Amino acid sequence: MKHHLPAGTTADEPYGLVVTPETAGWEHTALRVLELPAGGAHTFGTGEFEMIVLPLSGSCRVTCDGEVLELRGRRTVFTRVTDFAYVPRDAQVTVTGRGRFALAGARCRERLVPRYGPAGGVPVELRGAGPASRQVNNFGTPEGFPYADKLIACEVLTPGGCWSSFPPHKHDEETPAESVLEEIYYFEVEGPSGMAYQRVYGSTDVLEEVRTGDVVLIPHGWHGPSMAVPGHDLYYLNVMAGPSEERAWRICDDPAHTWIRETWTTQAVDPRLPLTSVEER
């Protein structure tokens, strides 16, 4: 299984990125990035997957089951918290607009209803402290968006020079404290020469330089840190799903590093955070 997918290596027009359970070698989690020119439109079937249409750049109209959902979107992932659209399984969906749109998907059983997710309703969390500071936009988590069957998704923004996904953690066992979730990390880095690094270890081994458009697949194992190099803010989209009946994100820290959480009580959150809000940056 190849865990690091550089930008463009999975492109299949009109998608700049395609990750399916079949290509990833797992069962539940999927992600596509739809690229539309001015006046562009694309229709697709969701099949067994519920999805969230999330503007990465640009704006669009999402039509599904007779519902028309207008997404204001944003210029880039570094300029604004965006609105989004949830679409159910077994649906025909048309996206009309201009820009790049993440289609985060999870294989599911329940067929729910299309929903609009306003940007103002996205819970924005500042997590960690000091050099482990980051911003988490919980647009598709069970707490932030309780209207999905299996899909869990969020955005993380890390100021240049900081580490996120730290302490390293995992979610590959079904226990009272942990849930089994396959996970996709999709990265964007601010600046034309921007780069960052991602570590996964244990039962999966990754240490890769990542750039805008890259993906890291995490079927299991400890993951973190995600390292933003100085001068370049880091964004990643996390998409998760698994076999559990409960839609829950429960994690277990690597015991060798969990002590770092105690240091946050004596450090301030990086003053550059939040990097984005509902208002355009």
Tally time: how many residues in segment 90-121 are touching a residue at least 60 places away in the same chain (Cβ under 8 Å), part of a loop (DSSP other than H, G, I, E, B) and open to solvent by less than 50 Å² (accessible area, probe 1.4 Å)?
-> 1
Would you check if there is a residue in segment 35-48 being of a type in the set (Asp, Glu), over 24 Å from GLY191 (Cβ atoms) and assigned to a loop (DSSP other than H, G, I, E, B)?
-> yes
(1) among the aliphatic types (A, V, I, L, M); (2) over 30 Å from SER57 (Cα atoms); (3) in contact (Cβ under 8 Å) with a residue 40 or more places away in the chain all hold for LEU275 apart from (2)
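Taking segment 150-169, which residues are assigned to a loop (DSSP other than H, G, I, E, B) and either modelled with pLDDT under 95 or of a type in the set (D, E, K, R) (or both)? Break it down stepwise before answering.
At the first step, the residues of segment 150-169 found to be assigned to a loop (DSSP other than H, G, I, E, B) are 150-151, 159-162, 165-168.
Hit for segment 150-169 is LYS150, nothing else.
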What is the residue count in segment 252-272 for residues that are of a type in the set (Asp, Glu) and within 25 Å of LEU56 (Cβ to Cβ)?
-> 1
Name the pairs: first residue in segment 52-63 and at negative phi, second residue of a type in the set (D, E, K, R), Cβ to Cβ under 7 Å, at least 6 apart or on different chains?
-> PRO55/ARG74; LEU56/ARG100; SER57/ARG74; SER57/ARG75; SER57/ARG100; SER59/ARG72; ARG61/GLU70
Scan (1) under 24 Å from PRO274 (Cβ atoms); (2) part of a strand (DSSP E or B); (3) in contact with a helix residue (DSSP H, G or I) (Cβ under 9 Å, 6 or more places away or on another chain) for the single condition ARG80 breaks and write down its number.
-> (2)
In segment 170-194, how many are part of a strand (DSSP E or B) and within 28 Å of GLY160 (Cα to Cα)?
-> 9
Qualifying residue in segment 16-24 (condition: at positive phi, assigned to a strand (DSSP E or B) and either touching a Lys or Arg at 6+ places or on another chain (Cβ under 8 Å) or not aromatic (Phe, Trp, Tyr) (or both)) | no
The one condition HIS257 fails out of (1) within 20 Å of the chain's Cα centre (by Cα); (2) open to solvent by less than 70 Å² (accessible area, probe 1.4 Å) is (1)
Lone qualifier among TYR147, TYR197 - being among the aromatic types (Phe, Trp, Tyr), open to solvent by 10 Å² or more (accessible area, probe 1.4 Å) and assigned to a loop (DSSP other than H, G, I, E, B) | TYR147
For PRO225, state whether it is touching a helix residue (DSSP H, G or I) at 6+ places or on another chain (Cβ under 7 Å), at pLDDT 95 or above and surrounded by fewer than 22 Cβ atoms within 10 Å (Cβ to Cβ).
-> no
Sort out which residues of segment 202-235 are polar (S, T, N, Q) and in a loop (DSSP other than H, G, I, E, B), and write them in order of number.
-> SER203, THR204, THR212
Which pairs have Cβ atoms under 7 Å, sit 6 or more apart or on different chains, and link a residue in segment 241-265 that is in contact (Cβ under 8 Å) with a residue 40 or more places away in the chain and assigned to a loop (DSSP other than H, G, I, E, B) to one that is acidic (Asp, Glu) and open to solvent by less than 40 Å² (accessible area, probe 1.4 Å)?
-> GLY242/GLU182; ARG247/ASP149; ARG250/GLU178; ILE251/GLU178
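The values are calculated or read from the model by the stated rules, or taken from the named source; none is laboratory data. Source: prediction; values computed, not measured. So basically every Cβ, Gly included, is an ideal-geometry build from the backbone, and we count neighbours across all protein chains shown. These area figures cover heavy atoms from the full protein model, side chains too; ligands, DNA and RNA do not enter into them. Shrake-Rupley method; radii C 1.70, N 1.55, O 1.52, S 1.80 Å.
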